[in-house]
1. With the cut-off at 1.5 for a/c, could you classify the range 79-130 from its C-alpha gyration tensor as rounded, prolate or oblate?
2. Output the peptides 124-136, 17-29, 57-69 sorted from most to least packed, where packing is the average of other Cβ atoms within 10 Å over each peptide's residues.
3. Run the paramagnetic zone check for residue 139: 7 angstrom along Cα to Cβ, then residues of the range 98-133 with backbone nitrogen under 15 Å.
4. In nm, give the distance between the simple-model label positions of residue 69 and residue 120, each being 7 Å from the Cα along the Cα-to-Cβ direction.
5. Treat each spin label as a single point 7 Å out from the Cα along the C-beta direction, and report the residue 108 to residue 25 distance in nm.
6. Once you put a point 7 Å from the Cα of residue 128 and another 7 Å from the Cα of residue 16, both along the Cβ direction, what distance in nm separates them?
7. If R0 is 22 Å, what FRET efficiency do you get for residue 95 and residue 62 from their C-beta distance, rounded to 0.05?
């Protein structure tokens with residue numbers, strides 16, 4: 001049996017809080033929040049395992065094409081996979097929605113989907129190191145956060 005979609009108020013609530021705190025530019029955006037639900041019989045067999053090098057996505061932001069925007073009133077759709085979503089803690093769910101909201105952007109030409117700041121293969125990093133300034137910046141921020149957010153055991157010692 002096929003999986004179905006349904007609007008999800010729980011995801012909308014998480015997103016609205018994130019928009020208020022971190023994504024003020026999305027205030028005027030009309031965003032639909034949908035859950036790709038489990039098979040009604042609870043079968044996970046309908047969920048295909050990804051091919052090597054492919055990952056299933058917890059969530060995905062989509063830009064609504066102009067014609068459908070006219071018909072639906074939505075600028076973006078954030079789709080969440082219930083099977084993967086239910087495996088996450090609340091903080092991880094918030095991070096997943098925050099990530100998708102980062103894709104949603106607007107400039108003088110209108111709404112669009114932003115690319116990731118960094119997209120690279122592990123092997124390239126192993127072979128060539130931090131060959132690009134964006135990679136250097138990304139790793140630098142990671143180091144700063146690691147210094148700022150020590151593991152609890154180290155803080156208590």
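1. It is oblate, given that a/c is not under 1.5 and a/b is not larger than b/c.
2. Highest-to-lowest ranking by the protection proxy: 57-69, 17-29, 124-136.
3. So the set is 118-133.
4. Taking the two extended label points, one gets 3.4 nm.
5. Spacing of the two 7 Å Cα→Cβ label points: 1.5 nm.
6. So the two model labels end up 4.5 nm from each other.
7. Taking R0 as 22 Å, the efficiency between residue 95 and residue 62 is 0.70.
None of the figures in this text is laboratory data; all of them are computed from the coordinates on show. Everything numeric in this text was worked out from a predicted model, so none of it was measured. Glycine gets a Cβ as well: all are built from the backbone with ideal geometry, and neighbour counts include every protein chain shown.
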